[in-house]
Each structure stands twice: as structure tokens, then as C-alpha cells.
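**Student:** Can you keep this structure in mind? I'll have questions shortly.
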Amino acid sequence: MDVRIIVETTFENGTKRSHRLDSISRPARQVGPENFGLMMKDSQSLLCGIQEAVLRDQIEEISEVSRICPDCNKVRAIHDYRPRVVDTLFGRFRIKAPRMRRCACNAKSKVVLGGPFSPLAHVFPDRSTPELQRLQAELGARHSFREAARIMETFLPCARQMNTTVRNRLGKIAQDISGIDRAERAVDEDATSPPLTVFLDGAHIRCRPEYQRRHLDVVVGKIESPNMSRRFGLVQQAPRSPAKQLRQALISQGWDGRRPVTVISDGEPALPNLVHRAVQGSVRHILDWWHISMRVQHVENAVKGLLQAENFPGISELFQRPAETLRWNLWHGKIQTAGTLIQCLMVDCSRLSKDDLAVRDATARVQARCRELYTYLANNMGNLTDYGWRHRNGFPISSSRAEGCVDDIGNTRMGKRRRMRWSPKGAHQVAVTRAAVLDGRLSVSFHKIAA
Ligand SMILES: [Zn+2]
């Protein structure tokens, strides 16, 4: 059999036109699994044909409609036709876009100001459709630019994709995303501002050699309010003001610029400082419980090891008791007591006789672990809290939600295993776009533009 596809256009003025597209031939005697139904290649040429028919008719109609002067209803003359290339998801087409002469009906001195204008100029400012740009950015944020180009070529009848084009489009989209955030600020002015929690973490990615450094720090995290959450990623070295970017992210999440913001992160001071600069006000920084808990676990294990030593010379109760209550005290925010317990442990360890080699090693380990925990707590003294109370009342106590973002935004696309090197700007753009893709913000923002 032969299948013929005909596209019929009905213009607004009632005229009709039909386009005959390729026909598909399926001889009954030669049918096999390879030519059963529609093939990928058929679908690509079909889509390309439909796109071309729709596009050309659309351009013709827009040109016809825009020839009529809105002021005097006269038909304006066509000055010339300019060749243009339009890139779409379903092919790249060379079209002829007409340019009109301006009408003199409005000019006082009957002198027309300005040269001919193109009615299609605002339709494709970048010579490509927004949908194509969005897909390029989305795939570029998920895969390497080369891979993204390959995927598009596999499934779509689009023109040959270059990895550099994918990269540049992603950069443009990343810029647009920041622009949209700025526009959203005015909308939420009256909304009552919910309490916000920022979960922060950092990822290291390889830097390109010309920037004189081995690694770039990607700051990733999540901003959460009771009913919304939003991921973000940025490279501190890249944007002119990372704090400003973060401030915009906070505002678009409903922050009013005054309410205190809670930050949960590990002990790294650079990350909360960034939020501090972004908020320009009070920031409640809370140390992540998991990082404390891990260090407490180290102390507990070391004490267990010491007690199990064969010729343990001391009173086991003296060691066991502090190790057991340490976690409870820290969990309930009794930091002074916890500090005293750690010091007691260290003093008791130093009093043990060190004749036996195994005991000496185990004692040294306990002391080292205690010192580690003590220093960590001392460095973050102001950021400890009553974790038990927070947990019971449904407040977050751990930055684990940001750690998911480290993988999602940083490592999956830019991690060390990918063997890629990044410039600060490039990494920043990918981080911004990837966060938007993961949140589903990319498609939403584009619907907004279209509306
Ligand atoms: Zn006119």
C-alpha cells in the first residue's frame, strides 16, 4: 500500500491550501519487522515536512495581515524580501521575510521617519524557536554538550547540532532564568512571608588550567518554606555577586527581606557567610546534626575499643558513662555538660598507665577523637542548638537535603568522574540551569513568557 500525507491549511480569510508531503510505501509482499508501521526516518521527514508547510503558511499570513496600516487601513508596500534562517525543533528552514515601507499617514510633514521594517523580526529574535532553545538548555544541563547534540539529532529532524551551540544556548537560558527571578519580585510583595530554611553544601569540580586553580567550589542547596522548595546552584567565583543571586532566589521563594532566615550546613564558615551577605540581616546558622553525630560516633567507637583492650587498667564505668551520655547532652543542647564530659574523658585517659602497647594505642585514639570533637564544637559554639526540641517540633536539623543537591546539581553533570574541566562562568551556567531543570522551573518560566 501507499500512504499519502496531505496537510490542509485554512487561512483566516477562508482560503484553503493543501500541501502534499512525502508518501510512504509499504508493499504487502515485502513486509517484515523492519518496515512495519512508521519508522523513525519516516517520522522525521514527516515532521520536517509538516513544520515547513505550517511555517511557510504562517509567515505568509503574518506578512499579509501586517501589511495593513493600523491607522489608515491602507495596504503598505513591500520594500524587499530578506532571506532568513529559522532554526526549529523540526528542521532548519531558509525563508524569505518581507520588509514593509512605513506609512506616511501619521507623519505631520509627510516625511516618513525610519526605514523599512520587518513584521517577523519580533517573532524570532534569535533566529531559533524558544522551544528549541529550551530543549538544548535542558539536555545540556543533563548531559555533556556533545551528548546533548547527539540525542537531539537521534530523535528529531532538527538541523545538525553543534556542541558549542548547545553550550551558548544554555548560557542564554541561564541568564534568562536570573532575569525571570528578578521580575517575580514584585508579585509576592503582599504575600505573608513564610519562615525560610536554607540547606547548604558545597561540591568541588575541576577547574580549567588557565584559571590557575585546581578546583572550583559549587555552592548548592535548597531553600525551603512550608509549602515550597527550590534548589539552587552557583559558583562563587563566577557571578559578579553570588550573594545577590542568592538573595533573588530567596525573594522568589516568598522571603520579604526582613524575616530571619535559618541556615543549616556543616562547619564550613564560607557558606553561611554567603547567606549572611545575601540576607543583609539576621541569619540563624545551625550546625548540621549528622556531622556532630558522626564525630560522637567516632568517640563512642574509640572508647569501646579501649574498654575491650585485654589489659585495661582503669575503672570501665569512668569511661563508659561519659561516652554514653555525650550524645544525649549534645542532642538536647547541653553543650557545657558535653564539653565537660569530653574533657573528663581526655583527663581520665591521660591518667591510665601506659605500660601495655594495646592500651596505649587505644588511649591515644580516644584522646584524638575527643580532641577532634571538642575542636569542632568549639569552632561552632554559637551554631549549636537543642536538636531534640527542633526535631520534636518538626524543624529540620540536618543539611542532608542539600547533600542530595550536591549529587544532583554538582556531581552528576560536573563531578570528577566526568573528566571535564570547567571555567567558572560555564560551571555557573550549568549549575543554574540544572537547578531550574530539576525543579521543573525551566518549562514553567517559558510558559509564562508565552502567556
Ligand atoms: Zn497609514
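**Student:** Considering only region 357-417, give the helices (runs of 4 or more DSSP H) lying wholly within it that have at least 3 residues that are surrounded by fewer than 14 Cβ atoms within 10 Å (Cβ to Cβ).
**Tutor:** 357-379
**Student:** Could you tell me which of the residues ASN73, ASN35 is open to solvent by 80 Å² or more (accessible area, probe 1.4 Å), modelled with pLDDT under 90 and polar (S, T, N, Q)?
**Tutor:** On inspection, the qualifying residue turns out to be ASN73.
**Student:** What is the one condition in (1) free of Cβ contacts under 8 Å to residues at least 12 places away in the same chain; (2) aliphatic (A, V, I, L, M); (3) surrounded by 17 or more Cβ atoms within 10 Å (Cβ to Cβ) that ILE68 does not satisfy?
**Tutor:** (3)
**Student:** Which of the residues belonging to region 275-290 are without any contact (Cβ under 8 Å) to a residue 60 or more places away in the chain and either within 27 Å of LEU352 (Cβ to Cβ) or part of a helix (DSSP H, G or I) (or both)?
**Tutor:** Correct list: HIS276, ARG277, ALA278, VAL279.
**Student:** Restricting attention to region 151-170, and to residues there that are loosely packed, with under 14 Cβ neighbours inside 10 Å and either within 19 Å of the chain's Cα centre (by Cα) or under 23 Å from ALA431 (Cβ atoms) (or both), which single residue is modelled with the lowest pLDDT?
**Tutor:** Out of the qualifying residues, it is MET162.
**Student:** Could you check GLU147 against (1) closer than 17 Å to ALA435 by Cα; (2) open to solvent by 10 Å² or more (accessible area, probe 1.4 Å) and say which number it fails?
**Tutor:** (1)
**Student:** Quick one: which strands (runs of 3 or more DSSP E) sit completely within region 192-268 and have at least 3 residues that are open to solvent by 10 Å² or more (accessible area, probe 1.4 Å)?
**Tutor:** By residue number, 196-206, 215-225, 228-235.
**Student:** Considering (1) away from the ligand (no atom under 16 Å from the Cβ); (2) touching a residue at least 12 places away in the same chain (Cβ under 8 Å); (3) in contact with a strand residue (DSSP E or B) (Cβ under 9 Å, 6 or more places away or on another chain); (4) outside any loop (DSSP other than H, G, I, E, B), say which one LEU120 fails and leave the rest.
**Tutor:** That leaves (4) as the condition not met.
**Student:** Taking the stated definitions as given, is LEU132 crowded, with 16+ Cβ neighbours inside 10 Å, more than 20 Å from GLN429 (Cα to Cα) and either at pLDDT 90 or above or away from the ligand (no atom under 16 Å from the Cβ) (or both)?
**Tutor:** No; evaluated as a whole, the condition is false for this residue.
**Student:** Turning to a different aspect of this structure: Just to be sure, is VAL299 in contact with a Gly (Cβ under 9 Å, 6 or more places away or on another chain) and more than 17 Å from SER399 (Cβ to Cβ)?
**Tutor:** Criteria not met by VAL299.
**Student:** Kindly establish whether CYS48 is touching a residue at least 12 places away in the same chain (Cβ under 8 Å) and either surrounded by fewer than 15 Cβ atoms within 10 Å (Cβ to Cβ) or within 15 Å of the ligand (Cβ to nearest atom) (or both).
**Tutor:** no
The values are calculated or read from the model by the stated rules, or taken from the named source; none is laboratory data. Here the structure is a predicted model, which means the values were calculated and not measured. Please note: Cβ atoms are built from the backbone with ideal geometry, for glycine as well, and neighbour counts cover all protein chains shown. We work out accessible area using only protein heavy atoms, side chains counted, and drop any ligands, DNA or RNA first. Shrake-Rupley method; radii C 1.70, N 1.55, O 1.52, S 1.80 Å.
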